[in-house]
1. For residue 270, indicate whether it is modelled with pLDDT of 90 or more, of a type in the set (A, V, I, L, M) and in a loop (DSSP other than H, G, I, E, B).
2. Of the conditions (1) away from ligand 1 (no atom under 13 Å from the Cβ); (2) under 18 Å from residue 46 (Cβ atoms); (3) of a type outside the set (S, T, N, Q); (4) assigned to a strand (DSSP E or B), residue 156 clears all except one; give me its number.
3. Which residues, counting only those in segment 81-138, are more than 12 Å from ligand 1 (Cβ to nearest atom) and either on the phi > 0 side of the Ramachandran plot or in contact with a Cys (Cβ under 6 Å, 6 or more places away or on another chain) (or both)?
4. Just to check your reading of the model, which residue among 278, 329 is under 16 Å from residue 424 (Cβ atoms) and touching a strand residue (DSSP E or B) at 6+ places or on another chain (Cβ under 9 Å)?
5. May I ask you to verify whether residue 387 is in a strand (DSSP E or B), under 32 Å from the mean Cα position of the chain (by Cα), modelled with pLDDT of 95 or more and buried (at least 16 other Cβ atoms within 10 Å of the Cβ)?
6. Might you check whether a residue that is at pLDDT 70 or above and either part of a helix (DSSP H, G or I) or within 16 Å of ligand 1 (Cβ to nearest atom) (or both) occurs anywhere in segment 208-223?
7. In segment 126-153, what count of residues is obtained for those that are in a helix (DSSP H, G or I) and under 21 Å from residue 110 (Cα atoms)?
Amino acid sequence: MINGIVAIVGRPNVGKSTIFNRFIGERLSIVEDTPGVTRDRIYGKGDWLTKDFRVIDTGGIQLLDQPFQEEIKAQVEIAMEEADVIVFVVSGKEGITNDDEYIANMLKRQTKPVVLAVNKIDDSSKIENIYEFYNLGLGDPHAVSGVHGIGIGDVLDEVIGLFPTKKREDYEGYIKFACIGRPNVGKSSIVNAILNEERVIVSDIEGTTRDAIDTPFTKDGEDYVIIDTAGIRKRGKVYENIEKYSVLRAMSAIERCDVVLFVIDGEKGILEQDKHVAGYAHEAGKPIIIVYNKWDTVEKDDKTMNKVKEKIRDEFIYLSYAPIVFVSAKTKQRIHDLLPMIHDVYRFSQLRIATNVLNEVIMDAQMMTPAPAINGKRCKILYSTQVSVAPPTFVLSVNDPELLHFSYKRYLENRLREAFGFDGSPIRIIARAKG
Ligand code: GDP
Ligand code: GDP
């Protein structure tokens, strides 16, 4: 569970991305290891003591062709909107600049807690450089050195102490889903088509203040919530056009939902930015449905759908488990299929396999095709258990985890899918040495 969101703000070159990397501990993400996934570095996950948090480096959010102050303003506004705590980074080497004062003034006019980090205090002889920063009126400055990793722990202590104590509204018992995708692919049109066409009953839930833009509703006795990629709509087109901001919004929604509808614009086809979004959804371990929208605009014969399917499979190899649906929010073609699909992939992501049945399937698979020998040694699976759902995660007790080759994992995953389905849901397989 994520306990809070921290955003890093500050003028260029003060050391934001250096500190960002310290916060996330430079841990390698699964996605970076996945072929075909590209990734930008404005968003990461970290943990400190018992808390897990998300980190946003607003320095990576850039406006094209805008005056510098507009850019800073947008970055600080995004931080204020997205974060629970803001870390304001300044440089102890240069002292207070006009830009620092400009940012400080914005931060003082809002309500999110701010932690002031004076960076580039590389050794104790520079410590007195921090005192002038009291003049910013943002409380006690912390001396840090991003490059040397000094003082980072103190900043994180304060940050996690400022996280909200109340658990976020999580709609117990509802299937939460979100439409994710580039701007203008038709996300809002699909949401509206679902809400208007399906004659759903929109529920009224008490106390859902933070995410008033989420829409809870009931259809065929099942409760759903559409998690909106808010903010975009609220802030209008300028923000929507900041590519990375829309990716950021998508990430918040991905984390909060149970099922991702990954929307592609059928009129434009697959673009690079689609891959960022899909990569994050995959990494988050959420069930995914690939929704190819604007199907009405595609000129087609009886082979078109299969051709497009092949292309999607090629471009998103790691999403082989995700069903594909061709819809039009405009003509409402196959909009009716979406809720039943959401329901199904959700169920699959929650599926628990009885241990004896699981072991039968794995043992059969192993008997049919034993693991390939590596340097004369072969991986032997002795016992399997499912340790969690969403995503379904399996731990295999093996003679030597090093011997479980990626391709054999793939083979086992395919056997599990043949036996149990798991449509739309990623599966994780972990090998442990037999204890
Ligand atoms: P950003 O533009 O705010 O994200 O800043 P960067 O993290 O890219 O850092 C800008 C420059 O400052 C780089 O050359 C860093 O190596 C340098 N830098 C960052 N942190 C420190 C630090 O703690 N001490 C010193 N001396 N230099 C630093
Ligand atoms: P969002 O930014 O992803 O939420 O996209 P919108 O729902 O605002 O749609 C962007 C544009 O695409 C609008 O002009 C829509 O009318 C149009 N659009 C959305 N879905 C379809 C569709 O299925 N077919 C066609 N032809 N246009 C669509």
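The values are calculated or read from the model by the stated rules, or taken from the named source; none is laboratory data. These numbers were taken from a predicted model, which means no experiment stands behind them. Neighbour counts are summed over all protein chains in view; Cβ atoms, including those assigned to glycine, are modelled from backbone coordinates with ideal geometry.
1. Criteria met by residue 270.
2. Result: residue 156 passes all but (4).
3. Hits for segment 81-138 are 95, 137.
4. 278
5. no
6. no
7. Qualifying residue count, segment 126-153: 4.
Conditions tested, residue by residue: (1) aliphatic (A, V, I, L, M); (2) loosely packed, with under 15 Cβ neighbours inside 10 Å; (3) not in a loop (DSSP other than H, G, I, E, B).
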| site | (1), (2), (3) |
| --- | --- |
| 325 | yes, no, yes |
| 339 | yes, no, yes |
| 346 | no, no, yes |
| 361 | yes, no, yes |
| 397 | no, no, yes |
| 409 | no, no, yes |
| 412 | yes, no, yes |
| 415 | no, no, yes |
| 424 | no, no, no |
